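Where a number appears in this text, it was derived from the coordinates with a stated rule and is not lab data. Everything quoted here is computed from the prediction, not taken from an experiment. All Cβ positions, glycine included, derive from the backbone under ideal geometry; neighbour counts span all protein chains shown.
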Amino acid sequence: MTSKMLKDVPEYVSRCLQLAVLLEVSAYPKPGNVHRTADFEETLYEHFLASAIAVGPYFKQAAKQGVLVHHGKIGFDRVRVGKIIKDAVVDVSSWQHGGNTVLGSIILLVPIAVAAGITLAADEFSIQKLRRNIKSVVESTTPEDAVNLYEAISIAQPGGLGKAPKLDVTDATSRKKILEEKVSLYQVFKISAPWDSISSEWVNNYHITFNIGYPFFIQQLEETKDINTATVHAFLKILSEIPDTLIARKVGVPKAKEVSAQAKTVLEKGGLTTPESRHLLLKFDKKLRDPTHQLNPGTTADITSAVLALAILNGYRP
């Protein structure tokens, strides 16, 4: 797909990313997460649907900034990724009452949207070029972007944040220090990358998304011819190889590794492809559910939405 084939690149990118969010939350049974056949008491499947609609204009805005970068009208440092993320979080909060639904996905997908705008505007879309542009986008972020992200987190109030040794998001003085010390959002994520996979994706050029999740998703799609199976299996693949950092912050790394080992077993047994392995998957989903969501692999879900975004931008249609 190239911009010559499109009437409106930003609109196209927005639709691709909204579809990614919708397909991710609809995949079932995605262990320990909200999906189309399972809710949390306070956060329902419908809250995610509303969030996917609410975030659309901000994906469009991000892609438009990318188009402007391509045409030399603004520099990478004027994209204002942090402001787009914050504005999206505010609007998502006004469209549903289920609390934090897609903060992690927004943080991952906004740079993808900007990069997709750049790449499509150049009439030469490829996954490799998209990835190179993502790297430029995140590495060019500013201290203002970081402050806006901190404000977005304050608005979304996600669980399981943990404490950072420096510039902790819950410390009221952090935003002032960021501006005074000129710490970019990319540099902030370098600090949090060791214990947060979303931060790690930013500073490692989306390693999990591009190197683990996306190839496996495409392989599963070719083998099973089923979007739900491919999505659930990609989720399990990511979880099996990368212990979920949300779980790790809540209940410790050993427990997160235990969950990953269980995900690996379920996937090796067949996941959704046999009656026996499907039963095992359903048991795994049930095991990860408790009222406090201590074993919710929420970060894995966010990365899965980024995997789907790549596939859809690259032409996949359900």
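On the basis of being of a type in the set (A, V, I, L, M, F, W, C) and over 20 Å from residue 313 (Cα atoms), does residue 108 make the cut? Don't jump to the end; show me each part of the working.
Details: of a type in the set (A, V, I, L, M, F, W, C): yes; over 20 Å from residue 313 (Cα atoms): no.
Criteria not met by residue 108.
Counting the residues of segment 173-231 that are over 24 Å from residue 245 (Cα atoms) and hydrophobic (A, V, I, L, M, F, W, C) gives 5. Looking only at residues of segment 229-258 that are aliphatic (A, V, I, L, M) and crowded, with 24+ Cβ neighbours inside 10 Å, we find that the one that is farthest from residue 199 (Cα to Cα) is 230.
Checking 217, 210 one by one, the residue that is surrounded by fewer than 23 Cβ atoms within 10 Å (Cβ to Cβ), under 17 Å from the mean Cα position of the chain (by Cα) and within 12 Å of residue 304 (Cα to Cα) is 210 and no other.
Of the helices (runs of 4 or more DSSP H) that lie entirely inside segment 139-247, those containing 1 or more residues that are closer than 28 Å to residue 257 by Cβ and touching a residue at least 60 places away in the same chain (Cβ under 8 Å) span 143-156, 197-203, 214-224, 227-241.
Residues are listed down the side, and each one gets a yes or a no for (1) under 18 Å from residue 34 (Cα atoms); (2) touching a Lys or Arg at 6+ places or on another chain (Cβ under 6 Å):
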| site | (1), (2) |
| --- | --- |
| 274 | no, no |
| 277 | no, yes |
| 287 | yes, no |
| 294 | yes, yes |
| 303 | yes, no |
| 306 | yes, no |
| 313 | no, no |
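Being touching a residue at least 60 places away in the same chain (Cβ under 8 Å), of a type in the set (A, V, I, L, M, F, W, C), part of a helix (DSSP H, G or I) and crowded, with 16+ Cβ neighbours inside 10 Å is the requirement here; does residue 68 meet it? Don't jump to the end; show me each part of the working.
Working: touching a residue at least 60 places away in the same chain (Cβ under 8 Å): no; of a type in the set (A, V, I, L, M, F, W, C): yes; part of a helix (DSSP H, G or I): yes; crowded, with 16+ Cβ neighbours inside 10 Å: yes.
No: the conditions fail for residue 68.
Looking only at segment 10-43, filter to residues that are small (Gly, Ala, Ser) and part of a helix (DSSP H, G or I); which one of those is nearest to residue 316 (Cα to Cα)? Going through the qualifying residues, I end up with 20.
State yes or no: is residue 105 surrounded by fewer than 23 Cβ atoms within 10 Å (Cβ to Cβ), hydroxyl-bearing (Ser, Thr, Tyr) and assigned to a helix (DSSP H, G or I)? Before the answer, list the steps.
Details: surrounded by fewer than 23 Cβ atoms within 10 Å (Cβ to Cβ): no; hydroxyl-bearing (Ser, Thr, Tyr): yes; assigned to a helix (DSSP H, G or I): yes.
Spelling it out, it is not the case that residue 105 is surrounded by fewer than 23 Cβ atoms within 10 Å (Cβ to Cβ), hydroxyl-bearing (Ser, Thr, Tyr) and assigned to a helix (DSSP H, G or I).
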